[in-house]
2 protein chains.
Amino acid sequence: MAARKQNSTYTRNEAFITECDLTYAVNKIGGRWKILILNKLENEKQRFSDLKKEFPLITERMLTLQLRALEQDGLVKRTVYAEVPPRVEYELTEMGMAFGPIFQQLSEWGGKHRSFTKSVSESV
Amino acid sequence: MAARKQNSTYTRNEAFITECDLTYAVNKIGGRWKILILNKLENEKQRFSDLKKEFPLITERMLTLQLRALEQDGLVKRTVYAEVPPRVEYELTEMGMAFGPIFQQLSEWGGKHRSFTKSVSESV
DNA sequence: TACGGTACTTACAAATTTGTAACTAATGGC
DNA sequence: GCCATTAGTTACAAATTTGTAAGTACCGTA
């Protein structure tokens, strides 16, 4: 998001890497807080302030950045209500919701890996 | 991998974020070239030089870093043969193989998202 | 004895991502 | 007019990740 140097090896490599659908997909959810946000939105739509409360460690700046990126990529829909003070709601799009079952499996993998790692380190 | 400042907000936030199994899992495959490597290893084990050939843009340094991280996390098994010149083979562990079906679905998501995005931009 | 081939290391620089802190806009209610 | 509230924005600094370039070790062969 934050203005890329179009001709760095870094950026060119990313372009190459995301030619693969798999890497492309993972890239879309690769921001630090994106998955937590998507995961939270899976249950129900949330206001900006709701998300802030849910993740006390995220700064407003980061929350905005991540939400904007998710919106840009069509994973999240942003609705602004013409009220004062402002009210803005975020909810998943269809593409965003499509991550549901995948997240479920990733979560299971994570749990398994965690307990596996723990049992290995204990047996030392 | 590259020596973390234990008390930065950055690192503390990561610790917080990866308390969630889902984020934890995605973090394990989050390095730039990790997914491509895992994906390649899914078919069969590969030598260091095979991977280098497969991904011409990766540098030896990066390839080593990513493989070491994957090994550390128990997703990849490294076997060194006592030969000269050296021969080192990399293959998936069980935890590494467990990503198979997940990668399949992510890849499908990526393809869908790509064609969806294209059709939207065309209709403008 | 110099050379080639494989699998690395190392010191350093560039690029990007994330965090900090302070500031903005709009308006209904006091 | 002034304040509180929500949802931001902005300039800047810190941290981390990635890339560059050059060097290491091993030993069989020429």
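For this structure, a couple of remarks:
- When residues of region B:56-68 are limited to those that are exposed (fewer than 15 other Cβ atoms within 10 Å of the Cβ) and not acidic (Asp, Glu), the one nearest to the other protein chains (Cβ to nearest Cβ): B:Leu57
- Condition check for B:Glu108: open to solvent by 70 Å² or more (accessible area, probe 1.4 Å) and among the charged types (D, E, K, R): yes
- The residue that is nearest to the other protein chains (Cβ to nearest Cβ), among those in region B:85-105 that are open to solvent by 50 Å² or more (accessible area, probe 1.4 Å) and farther than 19 Å from A:Gly110 by Cα, is B:Glu91.
- Total residues in region B:47-59, condition within 11 Å of DNA strand C (Cβ to nearest atom) and out of contact with any Asp or Glu (no Cβ under 6 Å at 6 or more places or on another chain): 7
- Among all positions in region B:23-46, there is no residue which is within 23 Å of A:Ala15 (Cβ to Cβ), more than 13 Å from the chain's Cα centre (by Cα) and more than 10 Å from DNA strand C (Cβ to nearest atom).
- Test for A:Glu71: is it open to solvent by 90 Å² or more (accessible area, probe 1.4 Å) and either within 13 Å of another protein chain (Cβ to nearest Cβ) or acidic (Asp, Glu) (or both): no
- Contact annotation: residue pairs with Cβ atoms under 7 Å, 6 or more positions apart or on different chains, pairing a residue in region B:1-25 that is under 14 Å from A:Ile58 (Cβ atoms) with a partner that is in a loop (DSSP other than H, G, I, E, B) and more than 7 Å from DNA strand D (Cβ to nearest atom), are B:Asn13/A:Leu57; B:Phe16/A:Leu57; B:Ile17/A:Arg32.
- The helices (runs of 4 or more DSSP H) found wholly in region A:1-55 and carrying at least 3 residues that are at the interface with another protein chain (Cβ under 9 Å from one of its Cβ atoms) occupy A:9-17, A:21-28, A:34-43.
- Residue within region B:12-21 that is near DNA strand C (Cβ under 10 Å from one of its atoms) and either closer than 20 Å to A:Val26 by Cα or modelled with pLDDT under 95 (or both) present: yes
The values are calculated or read from the model by the stated rules, or taken from the named source; none is laboratory data. Since the model is a prediction, treat every value here as computed from it, not as a measurement. Methodologically, a virtual Cβ is constructed for each residue, glycine included, from the backbone with ideal geometry; neighbour enumeration extends over all protein chains shown. These area figures cover heavy atoms from the full protein model, side chains too; ligands, DNA and RNA do not enter into them. Shrake-Rupley method; radii C 1.70, N 1.55, O 1.52, S 1.80 Å.
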